[in-house]
Every structure is written in C-alpha cells, then in structure tokens.
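Colleague: Pasting a structure below so you can have a look.
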Amino acid sequence: MGLSLQEQLLKAGLVSKDKASKVRKEKHKKAHQQRKAKGPATSEQDKQAQQARAEQAAKDRELSRKLNEAVSQREIAAQVKQLVENNRHPRSNSEDDVAFYFENKGKAKKMYVSPQTHRMITSGKLAIVNYNGVFELVPASIAGKIRQRNPSLVIELPDEQKPGEDDEYAEHQVPDDLMW
C-alpha cells in the first residue's frame, strides 16, 4: 500500500517530524472548529424544519376540517332527501286544481294543487320545500326538521297579516285563495 504524502515527504527528508505534527494538529483544530460552527447552524436548520412541520400540520388540520365539513353536508343532504321522499304530500293532476302562488328568492312561483291541499297550505299544516329545484309539499312537522338541517330549503309563507290601526283598507279583507 502506498504511503501518504506526509509520510513520503518525511522519508525523503523534505519535512521534519515537528513540522508534520504541527500541521496535523492544525488540521485537527480546523476540523474541530468547523464541527463546532455547524452546531448553531444545525439548530437553525432544526428551527426551520420544526417551522415547516408546524405549517404542514396547520395545512393538514385545515384540509381535515374542510373534508369533515363536506362529509357533514353530504350527510345533511341525505337526511333531507330521506325526509322529503318519505313524507311528501301527494299532488293530484285533476282539472279542478287551483294555482297556489308563493315567493322564492324574490320571484313569484306557482304550484297547482287541489282545493283541499290549498287549504292545508294556507292553514299551515303543509309547507313547501325546495328539493333539488322541485317544490314539494311536506307536513309542517317535517318542514321543521328540514329547517333545522338546512333553513334555506323551506319556503317561508307570510303569516296572516293583522290589519293595523292606521290601515285604511282594514275593512277590506283579501282572500287567501285569490285567483290571479
């Protein structure tokens, strides 16, 4: 096996033993100082790594929260679907059906219902639910359950307005089944 450069120089007599040991000690000191200098840098790197882990954990928590929200909304949608489909009031398609007008999101809507169903709606026994763009009739108790899950699906019908003291048309009552 070949000799190191230092050993070769010693053998040739170009360098003394004292000079070689001095160089070796100096080299050892430099290596030691470099390791010491890397210590604080390592702790800085640890801080950066810890900060990156904390940011990743925050992102993971936010993603998990969003996924849980989406799952919760799907569960609510499934519950509403089940409530509407199991409790919808049947509508007849006969010639004596009357139009029932109501407001949905600022627009007047019309639904044809039997006279008996019309009375049930105006008395508050039935409520209108916007189920996937189709207006369905459900009992008021079921509408309350749907309202708890998603209030925007239940169409609020105006209550009977009591004539006020200063209402000049108080003696003229407008019937609920007014035909337009």
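All of the numbers you see were taken from the coordinates with simple rules; none came from a lab. Only a predicted model underlies this, so the values are computations on that prediction, with no experimental measurement involved. Here the Cβ positions follow ideal geometry from the backbone for every residue, glycine too, while neighbour counts run over all protein chains shown.
Colleague: Name the long-range amide H neighbours of residue 112: under 5 Å, sequence gap of 5 or more, or other chain; modelled H, no Pro or chain starts.
Modeller: Counting only residues 5 or more places away or on other chains, the set is 100.
Colleague: Another one. Given H placed 1.01 Å from N in the peptide plane, which residues other than close sequence neighbours of residue 89 have an amide H under 5 Å from its amide H?
Modeller: Hits under the 5 Å cutoff: 137, 138.
Colleague: Also, I was wondering about something else. Could you tell me which of the pairs 105/145; 81/110; 66/109; 105/125 are separated by over 24 angstrom between their Cα atoms in the structure shown? Before the final figure, lay out the partial values.
Modeller: Working: 105/145 21 Å; 81/110 22 Å; 66/109 35 Å; 105/125 22 Å.
From 105/145; 81/110; 66/109; 105/125, over 24 Å: 66/109.
Colleague: Taking the chain, how much of its Cα-Cα pair set, in percent, is spaced more than 19 angstrom apart? Display every interim value, and only then the final one.
Modeller: Working: 12230 of 16110 pairs.
Value for the chain: 76 percent of Cα pairs lie more than 19 Å apart.
Colleague: Let me ask another. Would you mind working out the magnitude of the charge dipole of the chain relative to its Cα centre, with +1 at each Lys and Arg C-beta and -1 at each Asp and Glu C-beta, to the nearest 20 Debye?
Modeller: So the dipole magnitude of the chain works out to roughly 3720 debye.
Colleague: May I ask you to compute the full-extension gain from residue 75 to residue 112, defined as 0.36 nm times their residue separation minus their alpha-carbon distance, rounded to one decimal in nm? Before the final figure, lay out the partial values.
Modeller: Working: separation 37, 0.36 × 37 = 13.32 nm, distance 3.15 nm.
Gain on extension, residue 75 to residue 112, equals 10.2 nm.
Colleague: Starting from the Cα of residue 59, draw a straight line to each of the lysines and keep only those under 21 Å, dropping any in the same chain fewer than 8 residues away.
Modeller: In chain and number order, the partners are 47.
Colleague: Also, I was wondering about something else. Which value in Å is the Kirkwood Rh of the range 98-155 over different Cα pairs? List each step's numbers first, then the result.
Modeller: Working: mean 1/r = 0.0860 Å⁻¹.
The answer is 11.6 Å.
Colleague: Of all the stretches in the chain, which is the longest one without any exposed loop site, taking GluC sites (Glu not before Pro) in a DSSP loop (any state but H, G, I, E, B) with at most 16 other Cβ atoms within 10 Å?
Modeller: Numbers: sites that count: 95, 156, 160, 165, 168, 171.
Here the longest run is 1-94.
Colleague: Find the relative contact order for the range 98-155 and round it to a whole percent, using C-alpha pairs within less than 8 Å whose residues are 6+ positions apart.
Modeller: Details: 66 pairs, mean separation 14.4, N = 58.
Relative contact order here is 25 percent.
Colleague: Students often forget the sequence filter, so: which lysines lie under 16 Å Cα-Cα from residue 36 once same-chain residues fewer than 8 apart are removed?
Modeller: 27
Colleague: Assuming 0.36 nm per residue, please report the length gained on full extension of the stretch residue 30 to residue 67 beyond their Cα-Cα distance. Walk me through the numbers before you get to the answer.
Modeller: Details: separation 37, 0.36 × 37 = 13.32 nm, distance 5.44 nm.
Residue separation times 0.36 nm, minus the Cα-Cα distance, leaves 7.9 nm.
Colleague: Along the range 92-109, what does the Karplus equation 6.51 cos²θ - 1.76 cosθ + 1.60 (θ = phi - 60°) give for ³J(HN,Hα), rounded to whole Hz, x for Gly and Pro?
Modeller: My calculation for the range 92-109 gives 9, 10, 9, 6, 8, 5, 10, 7, 10, 9, 8, 10, 9, 6, x, 10, 7, 10 Hz in order.
Colleague: What is the set of long-range amide H partners of residue 131 at a cut-off below 5 Å, with H atoms built 1.01 Å from backbone N?
Modeller: Answer set, sorted by chain and number: 136.
Colleague: While we're looking at this one, here's another question. Identify which of 119, 35, 147 has the largest mean-square fluctuation in a Gaussian network model of the chain, with springs joining Cα atoms closer than 10 Å.
Modeller: 35
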